[in-house]
1. Only one of Gln65, Gln109 is closer than 15 Å to Val38 by Cα, among the polar types (S, T, N, Q) and surrounded by fewer than 19 Cβ atoms within 10 Å (Cβ to Cβ). Can you tell me which?
2. Can you tell me which of Val187, Val194 is in a strand (DSSP E or B) and open to solvent by less than 10 Å² (accessible area, probe 1.4 Å)?
3. Among the residues of region 35-50, write down those that are in a loop (DSSP other than H, G, I, E, B) and in contact with a strand residue (DSSP E or B) (Cβ under 6 Å, 6 or more places away or on another chain).
4. Do we have any residue at all in region 134-146 that's buried (at least 20 other Cβ atoms within 10 Å of the Cβ) and over 27 Å from the mean Cα position of the chain (by Cα)?
5. When the residues of region 154-168 are filtered to those that are open to solvent by 60 Å² or more (accessible area, probe 1.4 Å) and assigned to a helix (DSSP H, G or I), which remaining residue is farthest from Pro45 (Cα to Cα)?
6. Given the criterion out of contact with any Asp or Glu (no Cβ under 8 Å at 6 or more places or on another chain), charged (D, E, K, R), at pLDDT 95 or above and loosely packed, with under 15 Cβ neighbours inside 10 Å, identify the matching residue among Asp203, Asp171, Asp233.
7. So, in region 206-230, of the ones that are touching a residue at least 24 places away in the same chain (Cβ under 8 Å) and of a type in the set (Gly, Ala, Ser), which residue ends up surrounded by the fewest Cβ atoms within 10 Å (Cβ to Cβ)?
8. So which residues in region 236-254 are out of contact with any Leu (no Cβ under 8 Å at 6 or more places or on another chain), in a helix (DSSP H, G or I) and open to solvent by 20 Å² or more (accessible area, probe 1.4 Å)?
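The values are calculated or read from the model by the stated rules, or taken from the named source; none is laboratory data. These numbers were taken from a predicted model, which means no experiment stands behind them. Glycine gets a Cβ as well: all are built from the backbone with ideal geometry, and neighbour counts include every protein chain shown. Calculation scope for accessible area: heavy atoms of the full protein, side chains included, ligands and nucleic acids excluded. Shrake-Rupley method; radii C 1.70, N 1.55, O 1.52, S 1.80 Å.
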Amino acid sequence: MSPAKKIILLASLLSAVVTLPVSANALEEIQKRGEIRVATDMSIPPSGMLDAAMKPVGSDVETAQLLAKDWGLKLKFIETTGPTRIPNLQTGKADIVISTLSVTPQRAQVIDFSRAYAGLRSVIGAPAATKISDWADLKGRAITVTRGTTQDSMLTKDAMKNGVTIQRYDDDATLVTAAVSGQAYAVATSATLVNQIKKQNPDLAFEPKMTLTVFDLAIGLKKNEPELKAKLDEWIAANLKNGKLNAIYEKYHGEPIPAEIINRP
């Protein structure tokens, strides 16, 4: 290649580099727009649901409303489902996800998370009169779970060695019906759902007996947005400290945010 052609080629490459679009800062875009788009599933009470007037309500809904108010932004809900929460974020339909999004290593490979703003306590629940304090009390019994949930996967590996069998239902509604009607000796689910079972049948008075684990619930955002993540983390820390996030959670879930999340540095 002649020197002249080399110069022309180099100039064209430099021109391409100079004209490459600069990636936008998500926080700046949100502030410039004056609106934050939040992906929230409205079919998972009490975190997200629609009331009789088809108005969004729930703990995640009020968390998003508080965030928008504190930041001086309009709020636009992007209705989503469990499987579409992350795709809505990745395709730019939503700026953030506030939708009972638990932090997992698999999800952390494709999106970033804020610090935890709440927690999901996974428990074994049973009627108040049932004595359960450890696995020995469950030996020879069946635990009812919703198929494919984290509780199902956790118990599958532990049930056999503890002499426990698993009774699976395809959805939470069927599990609740079984518990309310007295067909379930014990259930493995969220503490929130156990409280809902108790409300539907106060005589049985289902209550959490054993905590299996506590999942961090965090705000999801696109990868590599440090300014937005830092602002979210700061906001969450402040509202955990002042009690506003805990008040929202307790209003809908019937119990406070797990202490290990509130007290986390």
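1. Working: Gln109 fails: closer than 15 Å to Val38 by Cα.
On inspection, the qualifying residue turns out to be Gln65.
2. Details: Val194 fails: in a strand (DSSP E or B).
Checking each option against the conditions leaves just Val187.
3. Looking only at region 35-50, we keep the residues that are in a loop (DSSP other than H, G, I, E, B), and these are 42-43, 45-47.
Listed by number, the list holds a single entry, Met42.
4. Our first condition is that a residue be buried (at least 20 other Cβ atoms within 10 Å of the Cβ); within region 134-146, this holds for 138, 143-146.
When the remaining residues are screened for being over 27 Å from the mean Cα position of the chain (by Cα), the result is 138.
Checking region 134-146: at least one residue is buried (at least 20 other Cβ atoms within 10 Å of the Cβ) and over 27 Å from the mean Cα position of the chain (by Cα).
5. So the first thing to find is which residues in region 154-168 are open to solvent by 60 Å² or more (accessible area, probe 1.4 Å), and the list is 156-157, 160-161, 165, 167-168.
Now restrict to residues that are assigned to a helix (DSSP H, G or I): 156-157, 160-161.
On the way: Thr156: 26, Lys157: 29, Met160: 32, Lys161: 34 Å.
Taking the candidates together, the pick is Lys161.
6. Values: Asp171 fails: at pLDDT 95 or above; Asp233 fails: loosely packed, with under 15 Cβ neighbours inside 10 Å.
Just a single option satisfies the conditions, and that option is Asp203.
7. Of the residues in region 206-230, the ones touching a residue at least 24 places away in the same chain (Cβ under 8 Å) are 206-225, 227-229.
Adding the requirement that they be of a type in the set (Gly, Ala, Ser) leaves 218, 220.
Working: Ala218: 26, Gly220: 24.
This residue is Gly220.
8. Result: Ala237, Ala238, Lys241, Ala247, Glu250, Lys251, Tyr252.
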